[in-house]
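Participant: First, the structure itself, so that you have it in front of you.
Every read-out reported here was derived from the displayed coordinates using simple, explicitly stated rules and does not represent laboratory data. Remember, it's a predicted structure, so these values are computed and weren't measured experimentally. When we count neighbours, we look across all protein chains shown, and the Cβ atoms used for this are built from the backbone with ideal geometry, even at glycine.
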Amino acid sequence: MQRGLFINGEEKPAKETYTLYHPHTEEKLADIAESSKDNMAEAISSADKAFKDMKALTSKQRADILFKAADRLTERQEEAAEIISKEASKPIKAARGEVNRTVQTLQFSGEEAKRLNGEYLSLDAAEGGAGRDAFTMNEPLGVIGAITPFNFPLNLTTHKVGPAVAAGNTVVIKPAEQTPLSSLFLADIFTEAGLPKGAIAVIPGDGPTLGEVMNQDERVKKISFTGSPEVGKLIKSQAGLKRVTLELGSNAAMYVDNSCVDDLDNIVQKAVTGAFAYNGQVCLSTQRIYVHEDLFDSFKQAFVEKTKNVTFGDPSEESTVVSSLINKKSQQRVLDWIKEAKANGADVLTGGESAGNGVLPTVLTNVGRDEKISCNEVFGPVVLINKVKDAQDAIDNMNDSRYGLNAGVFSNNLRQAMKMGHELEVGQVLINDVPTLRFDHMPYGGVKDSGYGREGVKYAIDEMTELKMISINYEG
């Protein structure tokens, strides 16, 4: 199979290609377009020309396109799940879950397309403002550049495309090199739903090469990027006066208080799911767990027992929970970090070994704050469980991080839970939930090295529009 680039409403072949392999089975999936700088420039030009048509659509027309895209994706959901599972080595159940979330993201986008309302301003509140009315409106920016990651290749791309379309923008997608098929599939879905020709483009290929073109082209009005902090900082430095949203890394932490003794088994199960969902290759993956000393031994024992029941296998198998990592380089990095932590005194309670092209679900304890496995983003099926003496000790440990995306707090003490909600240095605090939680309409973004700006459909639309005010002097 050979797949090209999607420009001006159709897929076109490229002069150069690269081979896409299944991360688990290593079978060849397709020859993918290795797009050039000229291809990216052509896509931006096409999207810029299509912006006039997009801006002219009514709110209802944009909403109808998004709702039709949601319906079409629902009809083709198993096809979409199989694409995700193969190119990203995502267990098929998790892939189906991603498709379902994508349908919701499209539906939320359609709903928000009808809610782009401004407000009335009383200009006579200012001296000299009598006899004037004013109102605001949200206008689309133009071409949105979307640079997307491999781990949620359909839904995270839709989190950029859906709000862009809802607001009346056009969008050019640069998908992760390992997962271009999902973006090409999404372009097909939107085309079938009636999106104007040229309003969406997919340009696969080398990130630094194509991203530089996006950053430098003045017709691109905003860059929305999900990926590593290092690349995010580079994009921000290159983007100039463009708007930028950066969804970056995390090493999400959670705390379990001693007031949760009666619900411990349920919390453990949630934490195991949060730690190992999609091989830990989730920005919100539960990576650091801090447990009150009164519950530590019980929590640790139950967590290890449940982890041993997590199935490693082929992503196409219904029973598989953890599979191969996205590439062998990631596998080796995770194993090296585990080995380094162990050499420095950490205890490996289960796992810590390779399997296929992945890593078995791994639980560590007694991990020092300075270990890579603690202070960096593992992006693999690894979690640490450390003992703390109280909530303040947990806050100190949880905040001792360059990242700040999500945090989870389990406590039946309302005052304590709210104190942690205020003091934790993250974008979202989930009380009585694991940090590996996101609903597609909630605000989502981080502080520190976890990012800049917010996603979540309504909030992404705000960042993809320009606020304009119009006033009327009715007294002359």
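Participant: Can you compute the FRET efficiency between CYS375 and GLU26 using 1/(1 + (r/R0)^6), with r the Cβ-Cβ distance and R0 = 45 Å? Round to the nearest 0.05.
Facilitator: Efficiency, from the Cβ-Cβ distance: 0.90.
Participant: So, one more: Quick one: order HIS292, HIS22 by neighbouring beta-carbon count within 10 Å, fewest to most.
Facilitator: Lowest to highest Cβ neighbour count: HIS22, HIS292.
Participant: Right, something else. State the extension gain, in nm to one decimal, for the chain segment bounded by LYS55 and PHE439, taking 0.36 nm per residue of separation less the distance between their alpha-carbons. Intermediate results must be reported in sequence, preceding the final value.
Facilitator: Values: separation 384, 0.36 × 384 = 138.24 nm, distance 2.85 nm.
That pair, LYS55 and PHE439, stretches by 135.4 nm at full extension.
Participant: Extending each Cα 7 Å along its Cβ direction at LYS197 and ASP71, get the distance between those two points in nm, one decimal.
Facilitator: Label at LYS197, label at ASP71, 2.4 nm between them.
Participant: Can you pull the Kirkwood radius for the chain, inverse mean 1/r over Cα pairs, to one decimal in Å?
Facilitator: Evaluated on the chain, it is 23.3 Å.
Participant: Please report, largest first and rounded to whole Å, the three semi-axes of the ellipsoid equivalent to region 233-280, where each semi-axis is the square root of five times an eigenvalue of the C-alpha gyration tensor.
Facilitator: Its equivalent ellipsoid spans semi-axes of 38, 13, 7 Å.
Participant: Let me ask you something else. Over region 253-439, what is the relative contact order in whole percent, taking alpha-carbon pairs under 8 Å and six or more residues apart?
Facilitator: Relative contact order comes out at 29 percent.
Participant: Work out, step by step, the length gained on full extension between GLU78 and VAL447: first 0.36 nm times the residue separation, then minus their alpha carbon distance; give nm to one decimal. Please report the intermediate quantities before stating the final value.
Facilitator: Numbers: separation 369, 0.36 × 369 = 132.84 nm, distance 3.60 nm.
Contour length minus the Cα-Cα distance gives 129.2 nm.
Participant: Here's a follow-up. Between beta-carbons, use under 11 Å as the cut-off and find the net charge around SER324, counting Lys and Arg +1, Asp and Glu -1. Each step should come with its number before you reach the end.
Facilitator: Details: positive: LYS90, LYS328; negative: GLU26, ASP314.
After counting each charged neighbour, the total is 0.
Participant: Viscosity 0.692 mPa s, temperature 37 °C: give me the Stokes-Einstein translational D for region 253-439 in µm²/s, with Rh taken as the Kirkwood radius over C-alpha pairs.
Facilitator: 202 µm²/s
Participant: Something else about it: Just tell me the longest site-free run in the chain, where the sites are chymotrypsin sites (Phe, Trp or Tyr not before Pro) in a DSSP loop having at most 12 other beta-carbon atoms within 10 Å. Intermediate values should be presented prior to the final figure.
Facilitator: Working: sites that count: PHE439, TYR474.
That would be 1-438.
Participant: On to the next question. Where in region 85-135 are there GluC sites (Glu not before Pro) that are in a DSSP coil and have at most 12 other Cβ atoms within 10 angstrom of their Cβ?
Facilitator: GLU119, GLU127
Participant: Any idea how far the Cα center of region 136-195 sits from the one of region 278-330, in Å?
Facilitator: Spelled out, the Cα-based centre of one part sits 31 Å from the other.
Participant: Would you mind calculating the relative contact order of the chain from Cα pairs under 8 angstrom and at least 6 residues apart, reporting the percent as a whole number?
Facilitator: 18 percent
Participant: For region 206-257 and region 410-476, compute the distance between their C-alpha centroids and round to whole Å.
Facilitator: Distance between centres, Cα-based: 18 Å.
Participant: Determine, for region 253-439, the count of lysine pairs separated by eight or more sequence positions (or lying on different chains) whose alpha-carbon distance falls under 13 Å. Don't jump to the answer; show the numbers that get you there.
Facilitator: Values: LYS270/LYS306; LYS300/LYS308; LYS300/LYS387; LYS339/LYS372; LYS342/LYS372.
Taking region 253-439 as the scope, the lysine pair count is 5.
Participant: Just round it to a whole percent: the fraction of Cα-Cα distances in region 198-349 exceeding 20 Å.
Facilitator: Values: 7409 of 11476 pairs.
Here the long-distance tail beyond 20 Å is 65 percent of all Cα pairs in region 198-349.
Participant: So for region 321-365, averaging the separation of alpha carbon pairs under 8 Å that are six or more residues apart and normalising by length, what relative contact order in percent results?
Facilitator: Relative contact order of region 321-365: 44 percent.
Participant: Under 16 Å from a label point 7 Å along Cα→Cβ of ASP206: give me every residue in region 36-68 with its amide N that close.
Facilitator: Counting only backbone N, you get 36-41.
Participant: Also, quick follow-up: If R0 is 22 Å, what FRET efficiency do you get for GLN216 and LYS236 from their C-beta distance, rounded to 0.05?
Facilitator: The pair GLN216/LYS236 has a calculated efficiency of 0.95.
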